[in-house]
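The values are calculated or read from the model by the stated rules, or taken from the named source; none is laboratory data. Since the structure is predicted, the reported quantities are computational estimates derived from the model, not experimental observations. Note that each Cβ is placed from the backbone with ideal geometry, even for glycine, and that neighbours are counted across all protein chains shown.
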Amino acid sequence: MRSRSSSKPEVADRQGTAATERRSGIVWAVVVLALILRGSLAIVFGSAVVENWSTIFISLVLQAFPFLVLGVVVSAAISALVPASLLARIVPKRPSVAVGTAGLAGALLPGCECSSVPVAGRLVDRGVPAAAALTFLLAAPAINPVVMVSTAVAFPGRPEMVAARFAASLLAALVVGAIWSRFASGERLRSRLRAYHEHSHGRAFVSVAVSDFIQAGGFLALGAMLVATIQTLVPRTILSSVGGHGVASVATMAALAVVLSICSEADAFVAAGLTHFSLSSRLTFLVVGPMVDIKLVALQVGTFGRRFAWRFAPLTLAVSIAASVLVGRLVL
Amino acid sequence: MKDGDRADIVIIAGMCSLLVALTDALFRYLRPGMRPFLIAAGAVLVALGVAAALLDRRSGEKEASSHHRPSRVGWLVLAPIVVGLAFDPGALGSYAVMQASSGQITEIDFDLEAHLETHSLHGQIPQLQLLEFAWATYDREAQELLRDTPVRLVGFIAHIDGDEPFLARLQMGCCAGDAFPSTVRLEGVERPLDDDTWVEVTGTLDPRATRLNDDGSPVMVVTALREVKEPKQPYEFLR
């Protein structure tokens, strides 16, 4: 148990030494360096290629920022202020109803993938049927309002993209929940989460929000860099042939979604940037991403164990690809 | 990553968002309508970062990492900041036009005749957006109108196919990340022009060639051309 430091001189003393331990100063050093080199870097490295890459990169990140910030703020508020016990009370106990309810509950709660896994873990700990918790885990990052709005903004004039994303993601979540409920309900799922000390609500909120933003922002930057590279450096002819071909484009988009691990509030803009790929293959990117990616699998291993992840991840991947192709064919 | 670094990154990200949102730099990357949202996001980030830094300072001891383990990918948030500050890249230009996927013509709901009438009241030559001119390639009535009525177009030069200059301008979907071009082949331009030179051309639609090669660009017979400054708003949008 950590006790609060109460004597003032002690705190003051710690603050003196702790100040240098708390930040490395790298951030400000990097920014100052960038400002100093401004202009001269452009002369040396500037070229049409570099400029094109940079503009696409920055544009995608900036466009996604408002949605990312909104999603992170709401998700942090929920995780800091709404206890899992409340959520557990809402979800009914009967498996079939629970799965459906959990799926639709996902539509209400904005949550980055990083928060849905711990929430699902806590739901399981409080007696919610595993299948329902897992359905929620899959649905919440994929169909919440922030994600839907960001998809609408990313594909202006194409509301069918929003509808398709919603339908395919919900379908995939429900199917996985149903399959799990049918074939794996016998085993008990337990999370490996330890109870952590609840700080004050305000402090918990700020801490979670900052952490989530940093991590999600990092993956967003990574994804935006990749799109900028693809759109700037890969010859157009190659892109058009891969992007146009059915199986190749779907497979590429699914692979990209798994590798990129972009937060679902922001991935629509990355998908919008991949203009050489068909709409339906980009739908696959949007449906697979929030459900299966490297970051998620790592989280799932940490929360539910390796054995679980071994079965859950491939199942989810297959179902989400199938759902997106099916819905894509019908709607897009 | 230390707690203090995280707060710093969030503050810097917020400040840079505000910087772009409050200046003309916004128009290079995003639709103008995004301005209030980017301002809000930037303000929230700065507030959050400052709060985190203050809370961090107030606690004398290191707080237990409460949420999840911070991973090193978070440092990448600095990447767009560094790139933006160091390179200050401009709006997309001829390079993007070359790289774009071909064959995208915007379907627009546009009353060309009314527009031409309204904008030629005082004997001026009406100006059209490139995407509107390009759309004329596929609309029979528009084609006839534009064969006879001279119009002005503003765009930048791009050499897409051989030595002949094309006039181009990019249209945004959601942001510069998905920009796609409208192009017009220019006929009757004698002097050599560099890529990415912004010009205003006056001319009519070439009656002979409405579809040329695979790019489907219309051809304009140019009667006048002058160089202009890059407009504050370099991209085009549907009206």
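Kindly check whether there is at least one residue in segment A:164-182 that is in contact with a Ser or Thr (Cβ under 6 Å, 6 or more places away or on another chain) and at pLDDT below 85. No: segment A:164-182 contains no residue that is in contact with a Ser or Thr (Cβ under 6 Å, 6 or more places away or on another chain) and at pLDDT below 85. Here segment A:279-299 is the region considered, the condition is being modelled with pLDDT of 90 or more and small (Gly, Ala, Ser), and the residue that is nearest to residue A:175 (Cα to Cα) is A:289.
Candidates A:249, A:240, A:207: the one that is part of a helix (DSSP H, G or I), surrounded by 15 or more Cβ atoms within 10 Å (Cβ to Cβ), within 24 Å of the chain's Cα centre (by Cα) and within 7 Å of chain B (Cβ to nearest Cβ) is A:207.
Considering segment A:283-321 alone, what residues qualify as being under 17 Å from residue A:164 (Cα atoms) and free of Cβ contacts under 8 Å to residues at least 60 places away in the same chain? Across segment A:283-321, the qualifying residues are A:284, A:285, A:288, A:289.
Report yes if residue B:71 is at pLDDT below 90 and at the interface with chain A (Cβ under 7 Å from one of its Cβ atoms), otherwise no. Considered against the rule, which asks whether it is at pLDDT below 90 and at the interface with chain A (Cβ under 7 Å from one of its Cβ atoms), residue B:71 comes out as yes. Taking the criterion of being among the polar types (S, T, N, Q) and surrounded by fewer than 21 Cβ atoms within 10 Å (Cβ to Cβ), the only residue of segment B:10-33 that qualifies is B:23. Restricting A:302, A:273, A:218 to residues that are closer than 26 Å to residue B:1 by Cα, at pLDDT 85 or above and either of a type outside the set (Phe, Trp, Tyr) or in contact with a strand residue (DSSP E or B) (Cβ under 8 Å, 6 or more places away or on another chain) (or both) narrows the list to A:218. Condition check: part of a helix (DSSP H, G or I) and within 26 Å of residue A:304 (Cβ to Cβ). Does residue A:127 satisfy that? Taking the combined requirement at face value, the residue does not satisfy it. With the structure loaded, tell me whether residue B:121 is at pLDDT below 90, aliphatic (A, V, I, L, M) and in a helix (DSSP H, G or I) or whether it fails that test. It is false that residue B:121 is at pLDDT below 90, aliphatic (A, V, I, L, M) and in a helix (DSSP H, G or I). Scanning segment B:141-184 for residues that are of a type in the set (Lys, Arg) and part of a strand (DSSP E or B) turns up B:152, B:169. Applying the criterion of being more than 7 Å from chain B (Cβ to nearest Cβ) and either closer than 23 Å to residue B:82 by Cβ or within 15 Å of the chain's Cα centre (by Cα) (or both) to the residues of segment A:226-237, the residue that is surrounded by the most Cβ atoms within 10 Å (Cβ to Cβ) is A:228. Residues in segment A:311-332 that are within 20 Å of residue A:118 (Cβ to Cβ) and among the hydrophobic types (A, V, I, L, M, F, W, C): A:312, A:313.
With respect to the conditions (1) over 22 Å from residue A:184 (Cβ atoms); (2) of a type in the set (D, E, K, R); (3) assigned to a helix (DSSP H, G or I), residue A:307 falls short on a single one, namely (1). Scanning segment B:26-59 for residues that are in contact (Cβ under 8 Å) with a residue 60 or more places away in the chain and basic (Lys, Arg) yields B:28, B:31. The set of residues in segment A:27-49 being under 28 Å from residue B:10 (Cβ atoms), facing chain B (nearest Cβ under 7 Å) and either out of contact with any helix residue (DSSP H, G or I) (no Cβ under 7 Å at 6 or more places or on another chain) or assigned to a helix (DSSP H, G or I) (or both) consists of A:27, A:28, A:30, A:31, A:34, A:35, A:37, A:41, A:42.
Going by what's in this entry, would residue B:115 be described as farther than 26 Å from residue B:24 by Cβ and without any contact (Cβ under 8 Å) to a residue 60 or more places away in the chain? Yes. When the residues of segment A:258-304 are filtered to those that are assigned to a helix (DSSP H, G or I), at the interface with chain B (Cβ under 10 Å from one of its Cβ atoms) and of a type in the set (A, V, I, L, M), the one that is surrounded by the fewest Cβ atoms within 10 Å (Cβ to Cβ) is A:298. In summary, residue B:207 fulfils each of the numbered conditions (1) modelled with pLDDT of 95 or more; (2) surrounded by fewer than 16 Cβ atoms within 10 Å (Cβ to Cβ) with the single exception of condition (1). Screening residue B:175 on (1) at pLDDT below 85; (2) out of contact with any helix residue (DSSP H, G or I) (no Cβ under 9 Å at 6 or more places or on another chain); (3) within 14 Å of chain A (Cβ to nearest Cβ) shows it passes everything except condition (2).
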